[in-house]
Amino acid sequence: MSRLVAVSNRVSMTKPGRSAGGLAVGVLAALQEQGGIWFGWSGQLAQETRDAKVTEQGKLTYATIDLTESDAEGYYNGFSNNSLWPLMHYLLGYFSFSRREYESYCRVNALFARKLIPLLEPDDVIWVHDYH
């Protein structure tokens, strides 16, 4: 049986007494019911990026990586927030583009791919959500 693998720019691990929002509401139920992996940035900063930290909660596996400060700034605070988010929400007045931020975004997505590959199984179904 295939697993659902959700890849998002940031993973929000659910905690008791805290309600999920945004992406978590739409994806969490499917991951918990079918079983799968939610992979992405932990929201934490590190001097260097290591292999994914894997945490299991029932059928759901959270796999997160920390980013360096410069990668988080260019990838998440930069391109994701300044370019993708305004475009996907039809707020073109807030759109801006920086080649440096775009290059950081591409670099982090390649990093995500390298760190995710060892966690995959042949029948996994991958869903990517990389904007807010």
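So for the chain: antiparallel DSSP bridges make up what percent, rounded to the nearest 5? List each step's numbers first, then the result.
Values: 5 of 23 bridges.
Percent antiparallel among DSSP bridges in the chain is about 20.
In the chain, once you exclude exposed trypsin sites (Lys or Arg not before Pro) (DSSP loop, at most 16 other Cβ within 10 angstrom), what's the longest stretch remaining? Result, exposed sites excluded: 60-132. Pairwise Cα separations in the chain fall into 10 Å bins from 0 onward with the following percentages, short to long: 12, 42, 34, 12, 0. For Lys115, the shell of other residues with beta-carbons less than 14 Å away shows a net charge of 0, using +1 for Lys and Arg and -1 for Asp and Glu. Summarising the amide proton neighbourhood of Asp124: residues at separation of 5 or more, or on other chains, whose placed amide H is nearer than 5 Å comprise Arg3. A simple rule links phi to the HN-Hα coupling: the Karplus curve 6.51 cos²θ - 1.76 cosθ + 1.60 with θ = phi - 60°, which for the range 34-48 gives 7, x, x, 10, 10, 10, x, 6, 6, x, 9, 9, 8, 5, 8 Hz, with x for Gly and Pro.
If packing is taken as the average number of other Cβ atoms within 10 Å across a peptide's residues, how do 28-37, 118-127, 78-87 rank, most packed first? Present the calculation step by step, with values, prior to reporting the outcome.
On the way: 28-37: 16.6, 118-127: 11.2, 78-87: 18.8.
Taking the mean over residues of other Cβ atoms within 10 Å, the ranking is 78-87, 28-37, 118-127.
Model label points for Trp127 and Trp85, set 7 angstrom from Cα along the Cα-to-Cβ axis, are 2.2 nm apart.
Per-residue 3J(HN,Hα) values for the range 118-125, derived from phi via the Karplus relation 6.51 cos²θ - 1.76 cosθ + 1.60 with θ = phi - 60°, read x, 8, 7, 10, x, 9, 4, 10 Hz in sequence order (x marks Gly and Pro).
Spatially, the range 69-103 and the range 110-124 are offset by 25 Å when compared through their Cα centroids. Zone of Glu103 (label point 7 Å along Cα→Cβ, backbone N under 15 Å): which residues in the range 72-97? In the range 72-97, the label zone of Glu103 (backbone N under 15 Å from the point 7 Å along Cα→Cβ) covers 74-75, 79. Ligands, DNA and RNA left out, the 1.4 Å accessible surface of the chain is 53% carbon and sulfur atoms. Measure nothing fancy, just the Cα-based angle from helix 99-116's long axis to the longest principal axis of the chain, in degrees from 0 to 90, nearest 10. Here the helix axis deviates by roughly 10 degrees. Of the residues Val7, Leu91, Phe79, the one whose Cα sits farthest toward the positive end of the charge dipole of the chain, with +1 on the Cβ of Lys and Arg and -1 on the Cβ of Asp and Glu, is Leu91.
The values are calculated or read from the model by the stated rules, or taken from the named source; none is laboratory data. All figures in this text were calculated on a predicted structure; none of them were measured in a lab. Because the Cβ atoms are built from the backbone with ideal geometry, glycine has one as well, and the counts that use them run over all protein chains shown. Protein only, heavy atoms only, side chains kept; ligands, DNA and RNA dropped before computing areas. Shrake-Rupley method; radii C 1.70, N 1.55, O 1.52, S 1.80 Å.
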